[in-house]
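The values are calculated or read from the model by the stated rules, or taken from the named source; none is laboratory data. No experiment lies behind these values; they were computed from the predicted model shown. FYI the Cβ positions are ideal-geometry reconstructions off the backbone, even for glycines, and counts take in every protein chain you see.
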Amino acid sequence: MATKKKGMKVYSTAFSHNGHIPPRYTCEGENINPPLEINNIPEEAKTLALIVEDPDAKDFVHWLVWNISPNEAIAEKSNSGINGINDFGKTGYGGPCPPSGSHRYFFRAFALDIELDLLAGADKNALNDAMKGHILDKAELMGHYQKRKVMA
């Protein structure tokens, strides 16, 4: 009897699922992307896409990136793939920066059966539209962040 392969998973060496995102990866630190590893990627995947957003701030988009090679980890402070525009109005990664309280940040990875024909600077709607019908598997990693309190 064949064993079913486990689904795709997203990991980070910087924080665990449901863990605390270190300040280094936020607006209070270096504001660089954390290292990410995606495992159990379907063999037929041609590329990966990543959407990072904060549902506690009306799905505020922190990072859109696509056409990432499925054979490489996403290194810290890297620029793999093609970057879309985030809700800070910039392309590339924009770290957690909640206005108040603790927010959840979802790092969602998508394995795709094609390379997307999407120009840099595209928004989340364009990315979602381009991925329709091409998602082989998906996974997510969620981390929390709350701004450090300012000492008086």
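Could you list all residues from region 109-130 that are over 16 Å from Asp59 (Cβ atoms), surrounded by 13 or more Cβ atoms within 10 Å (Cβ to Cβ) and among the aliphatic types (A, V, I, L, M)?
Hits for region 109-130 are Ala109, Ala111, Leu112, Ile114, Leu116, Leu118, Ala120, Ala122, Ala130.
Collect the residues in region 39-62 that are hydrophobic (A, V, I, L, M, F, W, C) and farther than 14 Å from Phe106 by Cβ, keeping them in residue-number order.
Answer for region 39-62, where residues must be hydrophobic (A, V, I, L, M, F, W, C) and farther than 14 Å from Phe106 by Cβ: Ile41, Ala45, Leu48.
For region 31-49, how many residues are over 17 Å from the mean Cα position of the chain (by Cα) and touching a residue at least 60 places away in the same chain (Cβ under 8 Å)?
Here the count works out to 4.
Go through region 66-87 residue by residue and tally those that are in contact (Cβ under 8 Å) with a residue 24 or more places away in the chain and within 20 Å of Met142 (Cβ to Cβ).
Looking only at that region, the number is 5.
Within region 96-152, work out how many residues are part of a loop (DSSP other than H, G, I, E, B), of a type in the set (Lys, Arg) and at pLDDT 95 or above.
Here the count works out to 1.
Okay, residues lined up against (1) assigned to a loop (DSSP other than H, G, I, E, B); (2) within 19 Å of Pro98 (Cβ to Cβ); (3) in contact with a strand residue (DSSP E or B) (Cβ under 6 Å, 6 or more places away or on another chain):
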position: Ala14; (1), (2), (3): yes, yes, no
position: Val52; (1), (2), (3): no, yes, yes
position: Trp63; (1), (2), (3): no, yes, yes
position: Pro70; (1), (2), (3): yes, no, yes
position: Ser78; (1), (2), (3): yes, no, no
